[in-house]
Amino acid sequence: MLPHCPTAPVAPSSPTTGVLTITPRGAAGPVLRRLALSLVAALLMVPGLTVLIPPSAQADDTGAPAEDPVRLVIATAGLTWEDISSADTPSLQCLADVSGAGAMNTTSTTVVSTKRQGMETLRTGYRGLAEEAPRTAGIPSPPMDQWQQLDVPVVEIDAAGGGETPAHVALQVSSGLDDGAILLVDAGSVPDHDDPGRPEALAALDSQVGAVLDAAGVERGLSDAKGDGGVSTRPGDAACTEGALPRTLLLSVAATDPPVSELDEVERAGAVASRTVGLQVAMDSAFPGQALTSGATKQRGVVVLTDALATVLTSHDTSPDGLIPGQPFRGVGHPDPQRLAVDRSMAAAAVDAASVPALGSWFGIGLVGAVLLLIPATARRPRVAAVARAAASVAPLPLAVGLFASIVPWWRAEPQALALTGVVWAGSALLAAVCLAGPWRRHRFGPAGVAAALVAGLVLLESATGSRFQLGSPLGAQPISGGRFYGLSNHLFGLVLGASLMALLCLFTVVRTARARVLWTLTAGAVVAIVCVAPSMGADFGSMLATVPVFGLLALLVSGIRVRIWHLALLAIAGAAAVLGVSFLDWLRPPEERTHLGRFIDELLSGELVAVVVRKLAQNVAMVTGYWGLGILMLLAIALSVVILMPGRLGLPRLARMDAEHPASYPVRVALVVGAWLGYAVNDTGPVLVAAMLAVWITQLPAVLPDPSGPEVYKPAAGPHAEPPAGC
């Protein structure tokens, strides 16, 4: 049973005694309890209303489907959008001029995807090789060739080996198209960027693609005027007109195509050294002059290799055998789709390395400030403490500002890391000025509370407006990783949850009535719940399983209601019921418009629930055991969870004094610990969720602790103003 914590204002006694007394809560208990229970019930119903929210800007990027059947698929490997130009690869540029363009994720079950994996993905719709994938990967084994479901003949043409000349390839393409078949042409591969033979390989690939286009009916020539539609817009370039071109896909199905002697090493060990790791080229001639997208990414200019099979099958009105994760390609308007694809590729390749100095430089200063505040000798020096407190209070700001960094095309500058650092620092400095210069600066909890509210608000705002800025931004959903491309990832939800609770802790130092605290708690919880679970916003299944219990528990604690086991069970059931209800309503939408929520219902109905749960649990454990940094971080999180809940018993007088002066701070920390470990348990990347929450609290909690120079021991008063129960 959780402690029954009084929440009435605290009246400090004479400074000579250091004794604090707590005024009794009064006779408003029954009314307050009914109010709290009513508002908790309202919070539980709020998620069900999220489906009534109109679609966000994200919905504008779903595009329109194409009706023409795919007749020609050209496969390669190692080809990036930076390789394509009218000067070096005129045939590839020709096809790009008459096609939709997208940067394509080709991640597999290994760090670096190979062409062998990519070709199997193209056939099966699942990432990687079924025979080598771990059982928890969810890949059917033995693999099923879904192309067998097509009602037209499938002809494979190997233009990569066997000495096939472009003329012979063209003859096979022409014959296959005349027979009404769908053609899969292996046009060869491009070696790594540091390979001296790369230019020659690009030229050979371009020659084969040119032969295929000629056989397919593309008319090529030189452009001397600006065209439109399917005509090149660059004077002097190799101009293309669609002519009789059937619907054609060009797909770079993997980042690399290593020699046979190195194949096992790359696929099994996931070798990264000297290998190309980045987004690949995807083209679809059904969407000339448009940016490619899909229901799997909901982002302009980005698709996934698993979408290719869904595109082929859907174009032929064919259903797959079982569930496949991909969604058909779609096209959305954009003034320069190829430039967009290049930008997506460049940003994705550079953002991880550039994020470390961009975020770490600012956050590190705040962490130093937090450490100084924990050292009594420095915390007692007013000037040092003031500077350290300011730095620690605003330390988490870049974690949220970074989500909007793609507003500025920093990846086009050199050096890229410095450019991204400048963008993040500029935004963080602006928000820091708001936190440190406003009227709340006179209150110890003011700057930290405002900073925490800004962190939570910015992350929620980015998701609520359609996740338009995450790609190419630090801590955003990165297309190279291939996890998710929109909404609230687990680390972002961790930021929201941790920052929301810190903001409430700071707010409760000035909001002193239990009724007001309950209202603020449920308001914050409702906002977080709506944005997290709404299909057009966060679309995050696991977050709702934690949001309802955490904010519901906090509302009960600050209301003064004694929390019992059945309260916790009810909150857990309500959270699960809410997210399942929203998921079911999302599942009722067309398949291409569904999010992760609706697809969970697909998995549930297909009998894959147990496999999904096992897979997610295995991934959670693997992250802790496979990455020593995360393992150490989890041990630190466990230790801190114990410490912040037992300040008196573990000899932390400043934290104990804060609880005595502001009794609502302890219930907030209870909710924090429950939220961290519940979020860890119900999400597949739980360690990053806990780490994100830790990043907020490890810097901001020292900033709000009382000065070490004051009374250091809580002394209970006698009589009716007795010490609160242990742990309160």
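What tally of residues in the range 484-507 results from selecting those that are polar (S, T, N, Q) and under 18 Å from A451 (Cβ atoms)?
To start, the set of residues in the range 484-507 that are polar (S, T, N, Q) comprises 489-490, 500.
Subset that is under 18 Å from A451 (Cβ atoms): 500.
Qualifying residue count, the range 484-507: 1.
Within the range 366-420, if we keep just the residues that are open to solvent by 10 Å² or more (accessible area, probe 1.4 Å) and among the hydroxyl-bearing types (S, T, Y), the residue that is nearest to L701 (Cα to Cα) turns out to be T378.
Say we look at the range 461-492 and pick out the residues that are among the aliphatic types (A, V, I, L, M) and out of contact with any Cys (no Cβ under 8 Å at 6 or more places or on another chain); which of these is surrounded by the fewest Cβ atoms within 10 Å (Cβ to Cβ)? Here the residue is L461.
Which is loosely packed, with under 13 Cβ neighbours inside 10 Å and out of contact with any Pro (no Cβ under 9 Å at 6 or more places or on another chain), of E200, E156? Steps first, answer last, please.
Numbers: E156 fails: loosely packed, with under 13 Cβ neighbours inside 10 Å.
Result of the check over E200, E156: E200.
Tell me, please, whether a residue that is part of a helix (DSSP H, G or I) and of a type outside the set (K, R) can be found in the range 508-517. Looking through the range 508-517, at least one residue is part of a helix (DSSP H, G or I) and of a type outside the set (K, R).
Sub-8 Å Cβ pairs linking a first residue in the range 134-156 that is more than 24 Å from T107 (Cα to Cα) to a second residue that is surrounded by fewer than 15 Cβ atoms within 10 Å (Cβ to Cβ) and at pLDDT below 85, at least 6 apart or interchain, are Q149/D321; V152/G180; P153/D179; P153/G180; V155/D179, ordered by first then second residue. If you go through the range 408-416 one residue at a time, do you hit one that is part of a loop (DSSP other than H, G, I, E, B) and among the aliphatic types (A, V, I, L, M)? For the range 408-416, residues part of a loop (DSSP other than H, G, I, E, B) and among the aliphatic types (A, V, I, L, M): present.
Among the residues in the range 644-651, are any open to solvent by 20 Å² or more (accessible area, probe 1.4 Å), at pLDDT 90 or above and of a type in the set (G, A, S)? Within the range 644-651 (the criterion being open to solvent by 20 Å² or more (accessible area, probe 1.4 Å), at pLDDT 90 or above and of a type in the set (G, A, S)), the answer is no, since none of the residues qualifies. Scanning the range 549-579 for residues that are small (G, A, S) and either at pLDDT 90 or above or within 32 Å of the chain's Cα centre (by Cα) (or both) returns G552, A555, A569, A572, A574, G575, A576, A577, A578. The single condition among (1) in a helix (DSSP H, G or I); (2) at pLDDT below 50; (3) over 32 Å from the mean Cα position of the chain (by Cα) that A27 does not satisfy is (1).
Residues of the range 66-81 that are open to solvent by less than 10 Å² (accessible area, probe 1.4 Å) and not in a loop (DSSP other than H, G, I, E, B): V70, L72, V73, I74, A75, T76, W81. Out of the residues in the range 141-153 that are surrounded by 18 or more Cβ atoms within 10 Å (Cβ to Cβ) and at pLDDT below 85, state the one that is farthest from D179 (Cα to Cα). Only one residue fits best here, namely P143. Checked against (1) modelled with pLDDT of 90 or more; (2) more than 22 Å from P199 (Cβ to Cβ); (3) open to solvent by 30 Å² or more (accessible area, probe 1.4 Å), M104 passes all but a single condition, namely (3). Would the range 552-561 turn up any residue that is open to solvent by 50 Å² or more (accessible area, probe 1.4 Å), out of contact with any Phe, Trp or Tyr (no Cβ under 7 Å at 6 or more places or on another chain) and assigned to a helix (DSSP H, G or I)? No, the range 552-561 contains no residue that is open to solvent by 50 Å² or more (accessible area, probe 1.4 Å), out of contact with any Phe, Trp or Tyr (no Cβ under 7 Å at 6 or more places or on another chain) and assigned to a helix (DSSP H, G or I).
Can you name every residue in the range 568-586 that is crowded, with 20+ Cβ neighbours inside 10 Å and of a type outside the set (S, T, Y)? Walk me through it before giving the result.
Quick first cut of the range 568-586, residues crowded, with 20+ Cβ neighbours inside 10 Å only: 571, 574-575, 578-579, 582-583, 586.
Scanning the range 568-586 gives L571, A574, G575, A578, V579, V582, D586.
If you filter the range 319-345 down to residues that are open to solvent by less than 50 Å² (accessible area, probe 1.4 Å) and part of a helix (DSSP H, G or I), you find that the one that is nearest to G78 (Cα to Cα) is S345.
Rundown of residues vs (1) touching a Gly at 6+ places or on another chain (Cβ under 6 Å); (2) among the basic types (K, R); (3) more than 24 Å from D684 (Cβ to Cβ); (4) in a helix (DSSP H, G or I), yes/no style:
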position	(1), (2), (3), (4)
A448	no, no, yes, yes
G487	yes, no, no, no
G494	no, no, no, yes
P535	no, no, no, no
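Taking every residue in the range 116-128 that is free of Cβ contacts under 8 Å to residues at least 60 places away in the same chain and pairing it with any residue that is assigned to a helix (DSSP H, G or I) and among the charged types (D, E, K, R), at least 6 positions away or on another chain, the pairs with Cβ-Cβ distances below 8 Å are G128/E120.
The values are calculated or read from the model by the stated rules, or taken from the named source; none is laboratory data. What you are looking at is a predicted structure, and each value in this text was computed from that prediction instead of being measured. For neighbour counting, all protein chains shown are included, and Cβ atoms are generated from backbone atoms with ideal geometry for every residue, glycine included. When the accessible area is computed, the model is the full protein with side chains, heavy atoms only, and any ligands, DNA or RNA have been set aside. Shrake-Rupley method; radii C 1.70, N 1.55, O 1.52, S 1.80 Å.
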